[in-house]
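Shown next, in structure tokens, is the structure this report addresses.
The values are calculated or read from the model by the stated rules, or taken from the named source; none is laboratory data. A quick note: this is a predicted structure, and the numbers were derived from the prediction, not measured. Reconstructed Cβ throughout: ideal geometry from the backbone, glycine too, with neighbour counts over all protein chains shown.
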Amino acid sequence: MKYFRLMKIVVAPDKFKSSLTGWQFCNAVEEGVHAVNPDVQIIKLPLSDGGDGTMDVLQHHLNGELVGVEVNNPFFNLIQATYLYAEDSKTAFIEMAEASGMKLLKQEQLDCKNATTFGTGEMIADAMNKGARKIILGIGGSATNDCGIGMATALGYQFLDKNNRSVKPIGANLARIESIDVTQVHPKLNDVVIEVACDVENPLFGKDGAALVYAAQKGATEDDIKMLDDGLKSFSKIIERVFNINPQAVKGAGAAGGIGIASKIFLNGELQSGIQLIKRVANFDEKIKNADWIITGEGILDKQTLSGKTVHGVAVSAKAKNIKVAAFCGDLKLSEKELKNFGIDYTDWVLRHAKDLDDALENSYDYVIKMAIGFAKKVRL
């Protein structure tokens, strides 16, 4: 008597921004595949590279609860922010965008020289006070360029000017800082492990730095950008003197307006690839064992995907275990050769089926079902 193993498919997408959550993608793929073959085993493992939407993904993997806390927004106005906390593992996941993000502001309100990360520090303090022994910090989508002095101020650091007075912790004041007082730092910072999801390698200042690359999209004028870059350069000398670290030598120092280097020096945090971090938390490499296919996806499959996005992380894990990969996306910007080199065995995209972009965004769930049906028939599930 022969034993037939059920075909196993792991569905591991990122979200389709403005269109589908990772879970919706998983459900649509399941619906489509099971319409062709209801016996296929579907394992749903939505992922993220650490940006917006990561909290939804990790809530499942960490078995955590959402915690609401009142904090300061980028302009020191009180708002309600949310982070994730898992009591059993004493792990918190904090998205800095919840307190210090562009998503909190209208386009005309963006003004990163006057914005602060103070609220992000308040969320970290709240998590530590709750008993967190590990904090995962997602640093995408910031509205700030304060090199993390707001975050650090909320945790007890003091940034002093030439008259030994505390400066308001905003980007415009970086050049005024002459010294750092570390005598009143939150005592629990020494007892917590902090991992930072960081997928950019920008230095702190200069032509590839935080201000020159990102500040314009955060509301900075040309004059603002020069002032902020000069401020980051000036503050880096203070950092080197106090912490004996050259910020320009740290890959990713300029991430999120300088939160990259701030996480390292003020939080003793470790900068990590977002997708690699999330895969580890999700125990991804273990759960995909013996899979026949992994179906992944994201909004746009393009050259950026090749440098550390979710689909790239999935392809790396799949290749190591000799598992085939299908990618469903909103739009495709890669050639067949690039896809093959990337380790993608099958592709389909929503705009190939939709009438136009509006149709694609509005009906993406149905199009993913259609793509899953097509995939199941073509690879003879």
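So ALA262 fits all but one of (1) touching a Phe, Trp or Tyr at 6+ places or on another chain (Cβ under 9 Å); (2) modelled with pLDDT of 95 or more; (3) surrounded by 21 or more Cβ atoms within 10 Å (Cβ to Cβ); (4) of a type outside the set (S, T, N, Q); what number is the exception?
Tallying (1) touching a Phe, Trp or Tyr at 6+ places or on another chain (Cβ under 9 Å); (2) modelled with pLDDT of 95 or more; (3) surrounded by 21 or more Cβ atoms within 10 Å (Cβ to Cβ); (4) of a type outside the set (S, T, N, Q), ALA262 fails exactly one: (1).
Do you know which of the residues in the stretch 155-182 that are aliphatic (A, V, I, L, M) and surrounded by 24 or more Cβ atoms within 10 Å (Cβ to Cβ) is nearest to the chain's Cα centre (by Cα)?
Here the residue is ILE170.
Which one of these is of a type in the set (Asp, Glu), over 27 Å from VAL182 (Cα atoms) and modelled with pLDDT under 95: ASP223, ASP208, ASP199?
Every option except ASP199 fails the conditions.
Of all the strands (runs of 3 or more DSSP E) wholly in the stretch 286-381, which have at least 1 residues that are within 23 Å of the chain's Cα centre (by Cα), closer than 16 Å to PRO46 by Cβ and in contact (Cβ under 8 Å) with a residue 40 or more places away in the chain?
Answer list for the stretch 286-381: 293-301, 324-332.
Identify, please: which residue in the stretch 192-221 is among the acidic types (Asp, Glu) and in contact with a helix residue (DSSP H, G or I) (Cβ under 8 Å, 6 or more places away or on another chain) and is, among those, farthest from ASN114 (Cα to Cα)?
That would be GLU195.
Restricting the search to the stretch 22-61, which residues are surrounded by fewer than 17 Cβ atoms within 10 Å (Cβ to Cβ), polar (S, T, N, Q) and closer than 22 Å to ALA197 by Cβ?
GLN59
Matching residues to (1) part of a strand (DSSP E or B); (2) not hydrophobic (A, V, I, L, M, F, W, C):
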| position | (1), (2) |
| --- | --- |
| GLY32 | no, yes |
| ILE42 | yes, no |
| PRO46 | no, yes |
| ASP49 | no, yes |
| VAL57 | no, no |
| LEU66 | yes, no |
| PHE76 | no, no |
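Answer yes or no as to whether ALA35 is among the aliphatic types (A, V, I, L, M), outside the structural domain of MET102 (by TED's automatic domain parsing) and within 21 Å of GLU362 (Cβ to Cβ).
no
Hey, which of the strands (runs of 3 or more DSSP E) in the stretch 157-244, taking only ones fully inside, have at least 1 residues that are under 30 Å from LYS279 (Cα atoms)?
193-197
Kindly indicate whether GLY252 is in the same structural domain as LYS134 (by TED's automatic domain parsing), closer than 25 Å to ASP191 by Cα, surrounded by fewer than 24 Cβ atoms within 10 Å (Cβ to Cβ) and not polar (S, T, N, Q).
When the stated conditions are applied, GLY252 passes them.
If I ask for residues that are among the small types (Gly, Ala, Ser) and under 25 Å from LEU137 (Cβ atoms), which ones from the stretch 198-250 would you list?
GLY206, GLY209, ALA210, ALA211, ALA215, ALA216, GLY219, ALA220, GLY231, SER236, ALA249
Could you check, for the stretch 146-168, whether at least one of its residues is polar (S, T, N, Q), in the same structural domain as GLY260 (by TED's automatic domain parsing), touching a strand residue (DSSP E or B) at 6+ places or on another chain (Cβ under 9 Å) and under 16 Å from MET96 (Cα atoms)?
Yes, there is a match, as at least one residue in the stretch 146-168 is polar (S, T, N, Q), in the same structural domain as GLY260 (by TED's automatic domain parsing), touching a strand residue (DSSP E or B) at 6+ places or on another chain (Cβ under 9 Å) and under 16 Å from MET96 (Cα atoms).
Output the residue which, of all residues in the stretch 103-154 that are among the β-branched types (Val, Ile, Thr) and farther than 23 Å from ASP49 by Cβ, is surrounded by the fewest Cβ atoms within 10 Å (Cβ to Cβ).
Looking at residues that are among the β-branched types (Val, Ile, Thr) and farther than 23 Å from ASP49 by Cβ, I get THR153.
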